[in-house]
1. If I fit a long axis through the Cα atoms of helix 282-292 and take the longest principal axis of the Cα atoms of the chain, what angle between them do I get, 0 to 90°, rounded to 10?
2. What residues have an amide H closer than 5 Å to that of residue 32, excluding those fewer than 5 places away on the same chain, when H is modeled at 1.01 Å from N in the peptide plane?
3. Roughly speaking, what is the stretch gain from residue 290 to residue 264, that is 0.36 nm per residue apart minus the C-alpha to C-alpha distance, in nm to one decimal?
4. Take the alpha carbon gyration tensor of region 72-216, find the square roots of its eigenvalues, order them as a ≥ b ≥ c, and report rounded if a/c is under 1.5; if not, report prolate when a/b exceeds b/c, else oblate.
5. How many nm is it between the label spots at residue 116 and residue 143, if each spot is 7 Å from the Cα in line with the beta carbon?
6. Counting only residues 5 or more places away or on other chains, whose amide H sits under 5 Å from the amide H of residue 132 once H atoms are built in the peptide plane?
7. Students often get this wrong: which residues of region 148-188 have the backbone nitrogen under 16 Å from the point 7 angstrom along Cα-to-C-beta of residue 271?
8. How large is the translational diffusion coefficient of region 147-274 in µm² per second when you combine the Kirkwood radius over alpha carbon pairs with Stokes-Einstein at 25 °C and 0.890 mPa s?
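Only the coordinates and a few stated rules stand behind these numbers; no lab work does. Fair warning: this is a prediction, and the values are worked out from it, not measured in the lab. FYI the Cβ positions are ideal-geometry reconstructions off the backbone, even for glycines, and counts take in every protein chain you see.
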Amino acid sequence: MSEPLLIFTDRGICCPAGGFYIDPWRPVERAVITHGHADHARPGHSSYLATENAAPVMRHRLGDIRLETARYAEQRRIGDVTVSFHPAGHVPGSAQVRVERAGEVWVVSGDYKTADDGFCEPWEPVRCHAFVTECTFGLPVFKWRPQAEVVADLHAWWRANALDGRFSVIGAYALGKAQRVLAALNSSAGPILTHGAVEATNEVARAQGLPLPPTVRVTPETDLKAYPGALVVAPPSALGSPWMRRFGPASTGFASGWMALRGIRRRRAADRGFVLSDHADWDGLNAAIAATGAERVFVTHGYTQIFCRWLSEQGYDAAIVETEYEGESLDAPAEEEAA
């Protein structure tokens, strides 16, 4: 019997026939990367392979790395397997990794969402025999409203705060979520200020041609009186930090899928929660898995026990895989704090 196409190790998801790992969390010789978030693209690997659109932010985060790039759907022969990237819809440049050998196909999804946000490359289903999926929001309670409705709510909150003479400070992950929020805004609604971590990623995004409205980085020298009623976009962790004091009386909000849970909104002491996630909701996860045609499904990070049991009840050959991926968090990683 031939060796499995992919195996799950303490370093990451390994393809023995290709001699590479997918999103490894410990140093390896060759890493194939789904996207640039810190839990998937880590430092220390000898070489990296990612999509062309993921490369700029990876270089921004990881520095002078040995990085090859490929276009979506471009086939690469690596060892005894054929590898290609396909849009995951998570953040710009994010990909599902398709691995094929002798007609057998496995797909590693990384992180993904099935709804088109109008900013990053929309998710595409990839037919396969085995599918490795996240389930960050793998509970029926997680069902996303259309983005346009959520953004309309955000604009109404911003407008009301501006009329009251307050800043509106929204917490959004600095790599991906913040840019998605910015791209969806009506920039004529008022000035937009950004935390340094958000603006650093904005600069990378603009350099690769992604459309973002004008923003102003907040520095110690920024005269906030020149921006009355501004919307401020910052990493979630900044909202409870000394950085916030400069804005005086301000209204705070969070943009996250976790805002669907009222208990989390209360614990974060946010004035408003905007349910906006870069991960698939319950319906999206189930639709994505069905669209692959896979019979075997490996569940990585999220509500793994519940979602795996659900998949088994639906007739899938489902199993849980332990990984070090983190999914969506309301706390920024250390690298954002330093930005």
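1. 30
2. Correct list: 21, 22, 23, 49.
3. 6.3 nm
4. Taking the square roots of the gyration eigenvalues as a ≥ b ≥ c, region 72-216 is prolate.
5. Modelled inter-label distance: 2.3 nm.
6. The list, which skips near neighbours in sequence, is 107, 108, 109, 298.
7. Output list for this probe position: 153-172.
8. On the way: Rh = 14.6 Å.
Calculated translational D: 168 µm²/s.
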